[in-house]
Every structure is written in structure tokens, then in C-alpha cells.
Amino acid sequence: MGAGIGGTAVLVTGSAYLFGEAAEHGMELWQKRQIYNIQSEGVDWAFNGKQWLRKNLRADLVDDGQDVTRHQDFAAPPDKARELSAAASAKAVEQALAAVPEPRNPFVPPAMPTAFLAAQ
């Protein structure tokens, strides 16, 4: 009977650890999505690793005398790309600084342990 309880405890602990890892990985993916997908002036932009793209617009890019529009992704102009990159950098710094612990004041000494006071 004792081995069954121990196995159950290992199973519960292991699943809690895996769930925690999965939740952390999911949070990282969500944060990256916030950085690489930005809305500017009502337009959704996505970074593909090389350039900022506006997805799935219809355009006729073939000069054949026919008006046939197709879905096409368009890259941001250089000035807009710089603006979007700056916004993504600011969002990444904001997310990184959210995980930093609050700085400790060097002029306030830490509290002394009570065991040390009792010994005196």
C-alpha cells in the first residue's frame, strides 16, 4: 500500500513540474508574439525575422492588362520599419524589466535575525 502512495506522489510531483514548464514556455511564446506582432495606426504588422510585413492584402502586381487581384504580403517602408523596430525593442525591454527584482537600498541595513539578538 505504501508503494502505491509513493508512486502517486511522484506522479503528481512530476506532472506539476511538467505543467509548470509548459506554462512557462507558453508565457515565453505569448511574450514573443507581443514583440513580433505590433499594431500601428490601426494596421497589424508582423516581423518575419528580416522585415516587417503587412499580411494578406489584395493587389494586382502583374502588368498584363488584366485586373486580377491576388493576396500579397507587403513590407514596411524603411521609416515605418524603424518605427516598428523601436516599438518592438521598447516592448521587449518592458517585458525584461518586469522580471527584475526591486533594487535594495544600500543605506538601509537588513534586519538582524532574532536568534542573533537572543544570544546577546
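Just so it is clear, none of the values below were taken in a lab; they were calculated from the coordinates. Here the structure is a predicted model, which means the values were calculated and not measured.
Observations, loosely collected:
- Global geometry of the range 2-98, whether rounded, prolate or oblate, following the gyration tensor of its Cα atoms and the 1.5 cut on a/c: oblate
- Phi to ³J(HN,Hα) by Karplus 6.51 cos²θ - 1.76 cosθ + 1.60 over the range 58-71, Hz, x for Gly, Pro: 9, 7, 9, 9, 9, 8, 10, x, 10, 9, 10, 8, 10, 6
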